[in-house]
Amino acid sequence: MQIYNGEVYCVFKKQYSSFALFEGKNSDSFIPYQFSAKIYVDHHDKEHVGRLRTWFLKEQADAGVSNYSVQLKEIKTGGVFDLVCKVLYTCQAPGDEWILFVWDGTDTPPVRLQTDLDLEGKKPAPLHMEPSPLPVHVFRTFPHVGSILRISSGKYFEEIQLLQGVARWVKVRNMKCEIHSGLWKGVLEPVSKVRLLSDENDMILLRERNFNERISSGVHRWPSPSSLTETDYEHAAYATLMESLTHPVVTHKCKSIVRVIAAYPWRGEDLRSPVGGHYRIRLTLEDPTARIHAYIYGEDGVDIFGGRPASDVLSNKMNKLLGITKDKCSTFRDPPWVWCCLKSYYLDKNDVWGSRRYRVFATRLIS
């Protein structure tokens, strides 16, 4: 048995090796359906096959639904749970920490935010949990629909080598979730286990079937937007932020449903430049698949805010976008889902992907 590029292989030596392949499911037959010329199946081999079949049935049962098993759409803080998910990518963070990027075809719940918007200029809300953004070629291997949860492991574990370079379904036992800067983060505890699953596992087949139905029917493919905004492209196709981030052309336009989780500046009196009076705002947008920065600049701001209204009117509009209520006792924000049009551009023609930016356009706040 050897491992090559993260995959396990049985190596056959022609001079002295022999093999036999048996049905893996429960059966009384010990007749191999494929075998080499020199094979001889004795009673010890039959005992091994019988034990493997018993183990396989137990593995199927253990990977099924338990009282603690959840999907990404059901995660919450506090307590431990099991998660059947697909590991899309792994990377090593500073020190011994490893990060698993996992997906199950559902969307993580939107987080109620508790951040100080006045600190956004010096300490902006992070766009991701990993220390640096992933390369574009890695992003392009990710699904466009469904949230991707980052799970942090404080140390190396033996299954890591089997999860590198290939997407694998696993069952994560006894993990927990935390919220950092409004982002979900999975955490492996000392008692956590990561078990590799067969692609034929019933729970995996169910998740894949549910995801395919979600895509084909369009039902619940995107969040339900509020009526706070309208766009000039009412009939344009919907795109997730992940679809835009992985678009093959760096400059393109799309229409998305997002939450404005932060803005800099965010107070009405600061939205326009004191020199020239033009709008210049950096928004932090998120949907279930990703976060990005998008800018409102110049005439786009005139369209979005309906001209150049007074500061108190602008503050009222921004408060609605950011989910700020009139309840002064509440420190939480719950921004609404809104439609918006986005266009991408680049700042450096020698590094078009690294210098890519987004602007909001053709979008209006409705009074």
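Looking at Leu245, Leu241, Leu283, just one residue is among the hydrophobic types (A, V, I, L, M, F, W, C) and within 17 Å of Phe305 (Cβ to Cβ), and that residue is Leu283.
On the stretch given as the stretch 193-252, residues that are part of a loop (DSSP other than H, G, I, E, B), modelled with pLDDT of 90 or more and not polar (S, T, N, Q) total 9.
Just to verify a result, which residue in the stretch 247-272, among those that are over 32 Å from the mean Cα position of the chain (by Cα) and not acidic (Asp, Glu), is least open to solvent (accessible area, probe 1.4 Å)? Lay out the reasoning, then the answer.
Residues of the stretch 247-272 over 32 Å from the mean Cα position of the chain (by Cα): 268-270, 272.
Then drop every residue that is not not acidic (Asp, Glu), which leaves 268, 272.
Working: Gly268: 4, Arg272: 64 Å².
The selected residue is Gly268.
Taking the numbered list (1) at pLDDT below 90; (2) outside any loop (DSSP other than H, G, I, E, B) in turn, Lys176 passes all entries but (1).
Among the residues of the stretch 109-128, those identified as more than 25 Å from Met242 (Cβ to Cβ) and either part of a strand (DSSP E or B) or aliphatic (A, V, I, L, M) (or both) are Leu117, Leu119.
The residues of the stretch 318-360 that are closer than 21 Å to Arg272 by Cα, of a type in the set (D, E, K, R) and over 24 Å from the mean Cα position of the chain (by Cα) amount to a single one, Lys320.
Looking across the stretch 4-54, the residues that are touching a Leu at 6+ places or on another chain (Cβ under 9 Å) and under 22 Å from Glu200 (Cα atoms) come down to Gly6, Glu7, Val8, Phe22, Gly24, Lys25, Asn26, Pro32, Tyr33, Gln34. Looking for something open to solvent by 70 Å² or more (accessible area, probe 1.4 Å), out of contact with any Pro (no Cβ under 7 Å at 6 or more places or on another chain), assigned to a strand (DSSP E or B) and touching a residue at least 24 places away in the same chain (Cβ under 8 Å) - is there at least one such residue anywhere in the stretch 273-285? No, the stretch 273-285 contains no residue that is open to solvent by 70 Å² or more (accessible area, probe 1.4 Å), out of contact with any Pro (no Cβ under 7 Å at 6 or more places or on another chain), assigned to a strand (DSSP E or B) and touching a residue at least 24 places away in the same chain (Cβ under 8 Å). Being of a type in the set (D, E, K, R) and exposed (fewer than 13 other Cβ atoms within 10 Å of the Cβ) is the filter; apply it to the stretch 108-126 and report the residue that is farthest from Arg333 (Cα to Cα). Residue satisfying both the conditions and the ranking: Lys122.
Please go through the stretch 1-57 and pick out each residue that is under 27 Å from Leu163 (Cα atoms), open to solvent by 100 Å² or more (accessible area, probe 1.4 Å) and polar (S, T, N, Q). Result: Gln2, Asn5. Of the listed requirements (1) in contact with a Phe, Trp or Tyr (Cβ under 7 Å, 6 or more places away or on another chain); (2) among the charged types (D, E, K, R); (3) modelled with pLDDT under 85, Lys58 misses just one: (1). For the stretch 1-30, a tally of residues being touching a Lys or Arg at 6+ places or on another chain (Cβ under 9 Å) and modelled with pLDDT of 85 or more returns 4.
Residues satisfying the criterion are absent from the stretch 84-107 (criterion: closer than 30 Å to Ser224 by Cβ, touching a residue at least 24 places away in the same chain (Cβ under 8 Å), open to solvent by 60 Å² or more (accessible area, probe 1.4 Å) and touching a Ser or Thr at 6+ places or on another chain (Cβ under 6 Å)).
Collect the residues in the stretch 327-352 that are surrounded by 11 or more Cβ atoms within 10 Å (Cβ to Cβ) and more than 17 Å from Tyr295 (Cα to Cα), keeping them in residue-number order. Ser330, Thr331, Phe332, Arg333, Asp334, Pro335, Pro336, Trp337, Val352 - these are the residues of the stretch 327-352 that are surrounded by 11 or more Cβ atoms within 10 Å (Cβ to Cβ) and more than 17 Å from Tyr295 (Cα to Cα). Restricting the stretch 197-214 to residues that are among the aliphatic types (A, V, I, L, M) and surrounded by 15 or more Cβ atoms within 10 Å (Cβ to Cβ) leaves a set whose member that is farthest from Gly146 (Cα to Cα) is Leu197.
The values are calculated or read from the model by the stated rules, or taken from the named source; none is laboratory data. Because the structure is a prediction, the values reported are computed rather than measured. Cβ coordinates were reconstructed from backbone atoms using ideal geometry, including for glycine residues, and neighbour counts include every protein chain displayed. For accessibility, only protein heavy atoms count, side chains too; no ligands or nucleic acids. Shrake-Rupley method; radii C 1.70, N 1.55, O 1.52, S 1.80 Å.
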